[in-house]
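Please read the structure below before turning to the comments.
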């Protein structure tokens, strides 16, 4: 078996290849193209080629290209490769060599999970949708601020719908300059809304997934939240426990341990940010809900909020909801509020 470390770059990548004994066979720069990677694998494929690369914005297509060419590829989190992260000699050659040596000695950290092509498609659509929603929100906030400076105060969420904008344009704004701003921003708002709806139509084609249907049985969990969970988690069985999923979402508390003292701090915020954001948002919706389906969750939130404060309770509720989602998908069951009630009585 030959071993290879690749430090990926935008236009070119540095490659370091050794045999099983660590003897350097080849090192140099190649173009960051599919053809160049295919030729690399072909050159050393007779003995078998294992390759290590770091996770980054080019990882998915490089990984697929190398695997399809016949290489065994390991993707690692660069933050967990301490020899690279803490190296004073930070060069492409050094990084590639360290990756190669750690791979050969079986010293790399746990590999990064590479999602399936279908999961990648959902992630891309959701990411594009989040960007459009974020732009639309900034637009609405700017217009609301401009109106407030002119003495015009709008009800909450007035600019979230077309009708609110139309009322402004049909007499709600008298100042001609301000009216010009509102009319131009309204045109952009309409375009962004249409783009979001188009992405929603494409995402709707993916809602037949059984996991999505399970998650939608949870209160306040809609199609976008369910798809976000499925896209981020991919295969729930790769998490041996719900605690690992919570850590993956960045909702686990930081821990500082010294001797016999253990101190817990704020959440790590490491992992998939979109997963964390969605389930914190769902926690807020659950707290403001009044239906029987959320009553045990709201009661739990109230108890924690009295002891630890509302913000801590919201994060705790998001963790609790994520654990429930994990159990539903893993065990192939629907949400049942009665099970939460039984657990509370036993406690």
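On the given criteria, is residue 9 assigned to a loop (DSSP other than H, G, I, E, B) and either modelled with pLDDT of 95 or more or surrounded by 13 or more Cβ atoms within 10 Å (Cβ to Cβ) (or both)?
Values: assigned to a loop (DSSP other than H, G, I, E, B): yes; either modelled with pLDDT of 95 or more or surrounded by 13 or more Cβ atoms within 10 Å (Cβ to Cβ) (or both): yes.
Taking the combined requirement at face value, the residue satisfies it.
Tell me, please, whether a residue that is closer than 30 Å to residue 338 by Cβ and either free of Cβ contacts under 8 Å to residues at least 24 places away in the same chain or not in a loop (DSSP other than H, G, I, E, B) (or both) can be found in segment 182-197.
Scanning segment 182-197 turns up no residue that is closer than 30 Å to residue 338 by Cβ and either free of Cβ contacts under 8 Å to residues at least 24 places away in the same chain or not in a loop (DSSP other than H, G, I, E, B) (or both).
Testing residue 107 on (1) part of a helix (DSSP H, G or I); (2) surrounded by fewer than 16 Cβ atoms within 10 Å (Cβ to Cβ), one condition comes back false. Which one is that?
Of the numbered conditions (1) part of a helix (DSSP H, G or I); (2) surrounded by fewer than 16 Cβ atoms within 10 Å (Cβ to Cβ), the odd one out for residue 107 is (1).
Mind checking which residues of segment 136-149 are surrounded by 15 or more Cβ atoms within 10 Å (Cβ to Cβ) and either outside any helix (DSSP H, G or I) or within 26 Å of the chain's Cα centre (by Cα) (or both)?
Those that are surrounded by 15 or more Cβ atoms within 10 Å (Cβ to Cβ) and either outside any helix (DSSP H, G or I) or within 26 Å of the chain's Cα centre (by Cα) (or both): 136, 139, 140.
Based on what the data block shows, is residue 169 surrounded by fewer than 17 Cβ atoms within 10 Å (Cβ to Cβ), at pLDDT below 90, out of contact with any strand residue (DSSP E or B) (no Cβ under 7 Å at 6 or more places or on another chain) and not in a helix (DSSP H, G or I)? Lay out the reasoning, then the answer.
On the way: surrounded by fewer than 17 Cβ atoms within 10 Å (Cβ to Cβ): yes; at pLDDT below 90: yes; out of contact with any strand residue (DSSP E or B) (no Cβ under 7 Å at 6 or more places or on another chain): yes; not in a helix (DSSP H, G or I): no.
No.
Looking at residue 190, is it out of contact with any strand residue (DSSP E or B) (no Cβ under 7 Å at 6 or more places or on another chain) and surrounded by fewer than 16 Cβ atoms within 10 Å (Cβ to Cβ)? Let's see the steps before the verdict.
Numbers: out of contact with any strand residue (DSSP E or B) (no Cβ under 7 Å at 6 or more places or on another chain): yes; surrounded by fewer than 16 Cβ atoms within 10 Å (Cβ to Cβ): yes.
The answer is yes for residue 190.
Mind telling me which of the residues 7, 19, 92 ends up being touching a strand residue (DSSP E or B) at 6+ places or on another chain (Cβ under 8 Å) and free of Cβ contacts under 8 Å to residues at least 60 places away in the same chain? Can you show your working first?
Working: 7 fails: free of Cβ contacts under 8 Å to residues at least 60 places away in the same chain; 92 fails: free of Cβ contacts under 8 Å to residues at least 60 places away in the same chain.
Among 7, 19, 92, only 19 is touching a strand residue (DSSP E or B) at 6+ places or on another chain (Cβ under 8 Å) and free of Cβ contacts under 8 Å to residues at least 60 places away in the same chain.
Might you check whether a residue that is in contact with a helix residue (DSSP H, G or I) (Cβ under 9 Å, 6 or more places away or on another chain) and either modelled with pLDDT of 95 or more or in a helix (DSSP H, G or I) (or both) occurs anywhere in segment 265-274?
Residues of segment 265-274 that are in contact with a helix residue (DSSP H, G or I) (Cβ under 9 Å, 6 or more places away or on another chain), as a first pass: 266-272, 274.
From what is left, the residues that are either modelled with pLDDT of 95 or more or in a helix (DSSP H, G or I) (or both) are 274.
Yes: one or more hits.
Are there any pairs with C-beta distances below 8 angstrom linking a residue in segment 247-270 that is more than 19 Å from residue 321 (Cβ to Cβ) to a residue that is at pLDDT 65 or above and part of a loop (DSSP other than H, G, I, E, B), with the two at least 6 apart or on different chains, and if so which?
Close Cβ pairs (under 8 Å, with a partner that is at pLDDT 65 or above and part of a loop (DSSP other than H, G, I, E, B)) amount to 254/268; 270/250.
Please state which one of 50, 34, 55 is modelled with pLDDT under 95 and in contact with a helix residue (DSSP H, G or I) (Cβ under 7 Å, 6 or more places away or on another chain).
Result of the check over 50, 34, 55: 55.
Picking from 333, 329, which residue would you name as being closer than 30 Å to residue 112 by Cα, out of contact with any strand residue (DSSP E or B) (no Cβ under 9 Å at 6 or more places or on another chain) and surrounded by fewer than 16 Cβ atoms within 10 Å (Cβ to Cβ)? Talk me through it step by step, then tell me what you get.
Numbers: 329 fails: surrounded by fewer than 16 Cβ atoms within 10 Å (Cβ to Cβ).
Every option except 333 fails the conditions.
If only one of 62, 73, 133 is modelled with pLDDT of 95 or more, crowded, with 20+ Cβ neighbours inside 10 Å and over 17 Å from residue 9 (Cβ atoms), which one is it? Quick ask: steps written out before the conclusion?
Details: 62 fails: over 17 Å from residue 9 (Cβ atoms); 133 fails: crowded, with 20+ Cβ neighbours inside 10 Å.
Just one listed residue meets the conditions, 73.
The values are calculated or read from the model by the stated rules, or taken from the named source; none is laboratory data. The shown structure was predicted, so the numbers you read here are calculated from the model rather than taken from an experiment. Methodologically, a virtual Cβ is constructed for each residue, glycine included, from the backbone with ideal geometry; neighbour enumeration extends over all protein chains shown.
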